[in-house]
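Visitor: Please read through the structure below; I'll follow up with questions.
The values are calculated or read from the model by the stated rules, or taken from the named source; none is laboratory data. Small disclaimer: the values here were computed from a predicted structure and weren't measured. We place every Cβ from the backbone using ideal geometry, glycine too, and count neighbours over all the protein chains shown.
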């Protein structure tokens, strides 16, 4: 199973323990691959939790799925990032949308922090639900 993350860029730091616990639960249920974006606080927290989990659960894999190259090339560890196939043909202003659709299409489970019905995170959580993916919304916990 593959798990991905969608959440508001301004989510509170206080959800990090719940996020970590949720990721560990997914690993214990058999999830071995995780995709995370690189925009906003929720993505940064998810990446931090994945790095922490990797120390204990060495069998998991995770990747930061990039829409375009980060300004600082030292932002991520070597072999920690991927570009979705075909993203090079997407105009820059649509690259995040392309990346997020790719993540939805390649995921079975979505861990989210969505507390409003508008915005990018809400849009892709809805797409994941429509696809039939399991969605775990941390605002409900």
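Visitor: Grab the strands (runs of 3 or more DSSP E) fully contained in segment 1-79, keeping just those with 2 or more residues being out of contact with any strand residue (DSSP E or B) (no Cβ under 7 Å at 6 or more places or on another chain) and touching a residue at least 40 places away in the same chain (Cβ under 8 Å).
Guide: The strands (runs of 3 or more DSSP E) meeting that bar number zero.
Visitor: Let me ask something else. For residues that are at pLDDT 95 or above and part of a loop (DSSP other than H, G, I, E, B), scanning just segment 115-141, find the one that is farthest from residue 24 (Cα to Cα).
Guide: This residue is 132.
Visitor: Can you tell which of 68, 62 is farther than 18 Å from residue 135 by Cβ and surrounded by fewer than 18 Cβ atoms within 10 Å (Cβ to Cβ)?
Guide: Matching residue, one of 68, 62: 68.
Visitor: Then there is this: Any idea which of (1) out of contact with any helix residue (DSSP H, G or I) (no Cβ under 6 Å at 6 or more places or on another chain); (2) surrounded by 15 or more Cβ atoms within 10 Å (Cβ to Cβ) is the one residue 78 doesn't satisfy?
Guide: (2)
Visitor: I'd like the residue in segment 102-119 that is in contact with a helix residue (DSSP H, G or I) (Cβ under 7 Å, 6 or more places away or on another chain) and over 16 Å from residue 33 (Cβ atoms) and, out of all such residues, is surrounded by the fewest Cβ atoms within 10 Å (Cβ to Cβ).
Guide: 116
Visitor: Filter segment 88-100 down to the residues that are surrounded by 16 or more Cβ atoms within 10 Å (Cβ to Cβ) and modelled with pLDDT of 90 or more, then identify the one that is farthest from residue 23 (Cα to Cα).
Guide: Looking at residues that are surrounded by 16 or more Cβ atoms within 10 Å (Cβ to Cβ) and modelled with pLDDT of 90 or more, I get 95.
Visitor: Which ones in segment 9-36 are crowded, with 20+ Cβ neighbours inside 10 Å and modelled with pLDDT under 95?
Guide: 11 - this is the single residue of segment 9-36 that is crowded, with 20+ Cβ neighbours inside 10 Å and modelled with pLDDT under 95.
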